[in-house]
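A.B. asks: Got a structure here, written out as C-alpha cells. Questions coming.
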Amino acid sequence: MIISKNWLADYVDLPDSVDDLTHRLTVSGLNLEEFHAVGDDVAIDLEVTSNRPDCLGHIGVAREVAVLYGKELKIAEPPKSMHSPSANGADIAKEFAVEITCPELCPRYTARIIRGVKIGPSPKWMQDRLKALGCGVVNNVVDITNYVMFECGQPLHAFDLAKLTGGKIIVREANDGEEFIAIDHKTYKLSKGTCVIADAKRAVALGGVMGGADSEVSDTTVDLLIEAADFDPLSIRTTARALHLHSPSSYRFERGVDPEGIDWASRRCCELILELAGGSLLEGVATAGELPPAPSEVKLRWPQIKRILGIDVPQNEVRRILTKLGCTETHTCDHCVKVIPPTWRADLTREADLIEEVARIHGYDQIPEDVGVRMVPSHRTREDEVVGRVRRMVAAAGYDEALTLSAVEPEWVECFRPWSSANPLATSMPVLRRATCLRQSLVPSLLACRRANETASNTRIELFEIANVYLPQTDGLPEEKRVLAITSGGDFFDLKGVIETIVDVLMPGTPLAAKPCDLPLLDSARSAELYLGETRLGVLGQLSPQGLKEFELRDKTTITEIDLGPLVAGAKLIPTATPLSNLQPMSRDLNVVVGEKVRWSQVESIARDGAGDLLESLTFGEEYRDAERLGAGKKSLLFSFVLRPKTENLTSDQADEVTKRIVDGLAKQLGGELRA
C-alpha cells in the first residue's frame, strides 16, 4: 500500500522526520518497503498484512499514526443528507431499485444517483495525490471513486446511468459460459460462482473486480449511478485468479472491507462529485442485503498481559490504546476490561488479539530481551513419534517424499478406493482445474506425479507421501485417516519388504499377513490386502496394464497404501536390546508343490507354526510352474528358513524333526507335497 505523506497529513499531525514515522510504523506491524519523493510529496510504500485490510486506505494508516504518537484523528464526516434542491425532491426509490439473488456472493449492495454531472479533468491536487500512489488519472468522476478508495479502503464504481436498462440493478451469479466485456475491452467467459452486476439485459460489471465497457463513464455521461457494496472475499479471489484479472478493488475485497464503512464511502464519493463535477443528488439510497451482526464483546484480563508479554503495562495506557484503535469500552474493573472491536477490525476476536494490539502500540522494544515469560515445554505426541520414524525409514529405503493436494478430480476417487465406497465429499469450488473432491486415497496423486516425472524423462521415480485421506461418514463430517502411500518402479516383493521392515521395527514379532485383493487398477495376481492379525493394514500391488494405461504410465509400477493408525496404536516406542546368541544356526530349504490358488501367506503361517520358537527367519525364494512336471493347476514354492536355539545347539535330527512338522502341516492343510 503506497501512502502519500501530504495526503496522510490531512487526517493526523505527522512528525517532521519521515524516517521516524516509517520506523514507528514498521515496529508496529506496517513494514516499510521504501519511500521516495514525488514532486513536493513523499510516497511511502508499506507492507500491509492480509489481516489488516483497514490499513489499505489513508484513514486506516492515519489511525495507526494517531495512536502511536498520541495525536488526534481528523476525519470529516460527509453529510448524512446531500440531495440537491435542483433534484426537485426526486426520490431514488421511485426511479431505481436494487436486488440481490446471490447473498452468499454479495451480502450488501447500495446505489446512489446523481444527475446532470459535467465530465472533465479532476483538479490538480487530486491528480497529484493519485499520481503519487502510481494511479493513473482518467476524469473527475473516475478519479473521485479511486480517490475515495485510497482514502478509506472501500472500492466504489460509477456507472453511466443512461447505459443501464430496466431501472434496476440485479446482483446475481453468472451463467455458465456467459461472456462479459470489461473496461479493458477484453472479453471474458464467466463460470458459475462468479458474481456479476447486471441490468435487465446483461452483466454490466464483475462484482468487486472490474466494471464493464458497456456502462463505463465517458465524456458524454450526464447521469451517474454510484455503487458501494460488500462482496464475499473467497468469491472475489477465485474470480480474479481464474480470469487473471486483478485490480485495486479486487485486492481490497479479497481481504474484506468494513461493512459499516460502505455508506460512509458512498456519501463521501457523492460529496466530492457534487463539489467537483456538479449535478443533483437524488434523495435516499437504493439498498439490498443486510448488515452483518455487530462484533462480539472481547474481555481482556489484566494479569494476562504480564503472563503473555512478561511486562506490566499500565491499565490506563491499555485502555487508551484500545479506545484510540476504535474499540468501544463497555466495562472496566480491577480484574479486566471489556471492549467491542470496531467493524473495520475483523481480526480482533479474542483476548490474545487485544494483547497483541497493546504490545505493538506500547512498543515491542519496551519488552526486555531477558524478560521471564512462563512457558510450558512442548512434546511430541505418540502419533508424531511413529509418523516421524516411518518417514525416516521410508526415506532411508530410497524413496523421495511428495506433497500433493487434498482435493482431486472425481475420476481419481473412482479409480482407486481402498478405504471406502461412499460418494466423496465435494468442495463448492475447484481447488485446481477439476479438483472438486476430497481425496480418499493418496495413490492417484502419486501416480500423477510419476507420470509427470516419466514425461520429463526422469529414470528414477520412487515416491512416498504421508497425509490424511477423507472418508465420508453418516453424520456429514469426514473421518480423517492418516495413511502412508508409496509408488515404486520395483516389484511386489521389494515394496512388501519395505512394509515388513516398518512393521518389524515398530512392532517386533508381529507377522504381516497377505490376503487376496480385488481392486481396480491392480493386477489380481500381483496384489494383496495386508493384515496385522485381524486388523486390516492396507493394500499392496502392481498396476495392471489397464491401470498403467489409465494414468498414461510406460513402466512397471507397484503401489502400496497402509493405514498408520494400527501402527500408532501398537508401536513399541521404547528401544529394547537382546543379547546376540552364540549358538549355531541351522538352515533348511524346502520346495513344496501346492495348488495354484494357495498363497504364500498360507504357507508362511504353517511354516511359522511348525518351527515355533526355534524360527529365526523365513524367506520366500521363488515360484515355478510346469504343467508337464508338476501337473495342471499346480505350482512349486521354494523357501528357506533358519533355526537358532535359545539354550543349546541343535542337532541335525532336531532340525529334521522341525522340517517334518512343517511338511506334514503343509500336506494336511494345503495338500502340499515335497517336490521330487
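A.B. asks: Looking at segment 237-272 only, could you name the residues that are within 20 Å of T287 (Cβ to Cβ), part of a helix (DSSP H, G or I) and open to solvent by 20 Å² or more (accessible area, probe 1.4 Å)? Can you show your working first?
C.D. replies: From segment 237-272, those within 20 Å of T287 (Cβ to Cβ) are 249, 253, 256-271; that's our starting set.
Filter once more, so that each one left must be part of a helix (DSSP H, G or I): 249, 253, 261-271.
Across segment 237-272, the qualifying residues are S249, D263, W264, R268, E271.
A.B. asks: Tell me which of these Q154 doesn't satisfy, since it passes every other one: (1) part of a loop (DSSP other than H, G, I, E, B); (2) modelled with pLDDT under 95.
C.D. replies: Failing condition for Q154: (2).
A.B. asks: If you don't mind, another one. Among the candidates F464, F492, single out the residue that is of a type outside the set (K, R) and in contact with a Gly (Cβ under 9 Å, 6 or more places away or on another chain).
C.D. replies: Every option except F492 fails the conditions.
A.B. asks: Please tell me if T647 is β-branched (V, I, T), over 60 Å from the mean Cα position of the chain (by Cα) and more than 13 Å from V603 (Cβ to Cβ).
C.D. replies: Criteria not met by T647.
A.B. asks: Within the bounds of segment 72-79, is there any residue that is in contact with a strand residue (DSSP E or B) (Cβ under 9 Å, 6 or more places away or on another chain), open to solvent by 50 Å² or more (accessible area, probe 1.4 Å) and either assigned to a loop (DSSP other than H, G, I, E, B) or closer than 21 Å to H246 by Cα (or both)?
C.D. replies: No, the conditions are met nowhere in segment 72-79.
A.B. asks: Let me ask another. Given the conditions (1) of a type outside the set (K, R); (2) touching a helix residue (DSSP H, G or I) at 6+ places or on another chain (Cβ under 8 Å); (3) open to solvent by 70 Å² or more (accessible area, probe 1.4 Å); (4) in contact (Cβ under 8 Å) with a residue 24 or more places away in the chain, and given that P121 satisfies all but one, which numbered condition is not satisfied?
C.D. replies: (4)
A.B. asks: Another question, then. For segment 93-107, how many residues are touching an Asp or Glu at 6+ places or on another chain (Cβ under 8 Å) and buried (at least 21 other Cβ atoms within 10 Å of the Cβ)?
C.D. replies: 2
A.B. asks: I'd like to verify a number: residues in segment 433-462 that are closer than 16 Å to G398 by Cβ and open to solvent by less than 20 Å² (accessible area, probe 1.4 Å), how many?
C.D. replies: Count: 3.
A.B. asks: Please enumerate the residues belonging to segment 543-569 that are within 20 Å of S457 (Cα to Cα) and either more than 32 Å from the chain's Cα centre (by Cα) or among the acidic types (D, E) (or both).
C.D. replies: Residues satisfying the conditions are E550, E552, R554, D555, K556.
A.B. asks: If you scan segment 289-306, which residues turn out to be in a loop (DSSP other than H, G, I, E, B) and surrounded by fewer than 17 Cβ atoms within 10 Å (Cβ to Cβ)?
C.D. replies: Selection gives E290, L291, P292, P293, A294, S296, E297.
A.B. asks: Which residues, taken from segment 337-380, are within 19 Å of E64 (Cα to Cα) and without any contact (Cβ under 8 Å) to a residue 40 or more places away in the chain?
C.D. replies: Listed by number, the residues that qualify are E356, E357.
A.B. asks: Right, something else. Just to be sure, is I181 surrounded by 16 or more Cβ atoms within 10 Å (Cβ to Cβ) and part of a strand (DSSP E or B)?
C.D. replies: On the way: surrounded by 16 or more Cβ atoms within 10 Å (Cβ to Cβ): no; part of a strand (DSSP E or B): yes.
Against the criterion (surrounded by 16 or more Cβ atoms within 10 Å (Cβ to Cβ) and part of a strand (DSSP E or B)), I181 does not qualify.
The rows are residues; the columns are (1) at pLDDT below 90; (2) outside any helix (DSSP H, G or I).
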| position | (1), (2) |
| --- | --- |
| T578 | yes, yes |
| S587 | no, yes |
| V594 | no, yes |
| S601 | yes, no |
| E616 | no, yes |
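A.B. asks: Name the pairs: first residue in segment 52-74 and under 12 Å from L14 (Cα atoms) and among the aromatic types (F, W, Y), second residue open to solvent by 10 Å² or more (accessible area, probe 1.4 Å) and assigned to a helix (DSSP H, G or I), Cβ to Cβ under 8 Å, at least 6 apart or on different chains?
C.D. replies: Pairs found: Y69/R24.
One line per residue, one yes/no per condition, for (1) farther than 20 Å from A277 by Cα; (2) assigned to a loop (DSSP other than H, G, I, E, B):
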{"position": "V98", "(1), (2)": "yes, no"}
{"position": "C106", "(1), (2)": "yes, yes"}
{"position": "R112", "(1), (2)": "no, no"}
{"position": "G136", "(1), (2)": "no, yes"}
{"position": "V142", "(1), (2)": "no, no"}
{"position": "Y147", "(1), (2)": "no, no"}
{"position": "T165", "(1), (2)": "yes, yes"}
{"position": "G177", "(1), (2)": "yes, yes"}
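A.B. asks: Restricting to segment 365-404, what's the tally of residues that are surrounded by 11 or more Cβ atoms within 10 Å (Cβ to Cβ) and under 24 Å from the mean Cα position of the chain (by Cα)?
C.D. replies: 9
A.B. asks: For segment 580-590, state whether one or more residues are within 34 Å of the chain's Cα centre (by Cα) and surrounded by 14 or more Cβ atoms within 10 Å (Cβ to Cβ).
C.D. replies: Checked against the condition, which is being within 34 Å of the chain's Cα centre (by Cα) and surrounded by 14 or more Cβ atoms within 10 Å (Cβ to Cβ), segment 580-590 yields no hits at all.
A.B. asks: Say we look at segment 546-576 and pick out the residues that are of a type in the set (A, V, I, L, M, F, W, C) and not in a helix (DSSP H, G or I); which of these is farthest from T535 (Cα to Cα)?
C.D. replies: So the residue we want is L553.
A.B. asks: If you don't mind, another one. Being in a loop (DSSP other than H, G, I, E, B), crowded, with 18+ Cβ neighbours inside 10 Å and touching a Cys at 6+ places or on another chain (Cβ under 8 Å) is the filter here; which residues of segment 492-532 pass it?
C.D. replies: L521 - this is the single residue of segment 492-532 that is in a loop (DSSP other than H, G, I, E, B), crowded, with 18+ Cβ neighbours inside 10 Å and touching a Cys at 6+ places or on another chain (Cβ under 8 Å).
A.B. asks: Now for a separate question. In segment 400-415, what residues are in contact with a helix residue (DSSP H, G or I) (Cβ under 8 Å, 6 or more places away or on another chain) and in contact (Cβ under 8 Å) with a residue 40 or more places away in the chain?
C.D. replies: E401, A402, T404, L405, C415
A.B. asks: If only one of G39, G57 is surrounded by 19 or more Cβ atoms within 10 Å (Cβ to Cβ) and small (G, A, S), which one is it?
C.D. replies: Exactly one of G39, G57 is surrounded by 19 or more Cβ atoms within 10 Å (Cβ to Cβ) and small (G, A, S), namely G57.
A.B. asks: Within segment 307-338, track down each residue that is assigned to a helix (DSSP H, G or I), among the charged types (D, E, K, R) and either surrounded by 14 or more Cβ atoms within 10 Å (Cβ to Cβ) or within 31 Å of the chain's Cα centre (by Cα) (or both).
C.D. replies: Residues of segment 307-338 that are assigned to a helix (DSSP H, G or I), as a first pass: 307-309, 315-324.
Retained after the next criterion (residues that are among the charged types (D, E, K, R)): 307, 317, 319-320, 324.
R319, R320, K324, listed by residue number.
A.B. asks: Here is a list: P424, P430, P472. Which entry is of a type outside the set (A, V, I, L, M), touching a helix residue (DSSP H, G or I) at 6+ places or on another chain (Cβ under 6 Å) and either crowded, with 21+ Cβ neighbours inside 10 Å or more than 22 Å from G541 (Cβ to Cβ) (or both)?
C.D. replies: P424
The values are calculated or read from the model by the stated rules, or taken from the named source; none is laboratory data. The shown structure was predicted, so the numbers you read here are calculated from the model rather than taken from an experiment. Quick reminder, even Gly has a Cβ in these numbers, built from the backbone with ideal geometry, and neighbours come from all protein chains shown. Surface accessibility is based on the protein's heavy atoms, side chains included, excluding ligands, DNA and RNA. Shrake-Rupley method; radii C 1.70, N 1.55, O 1.52, S 1.80 Å.
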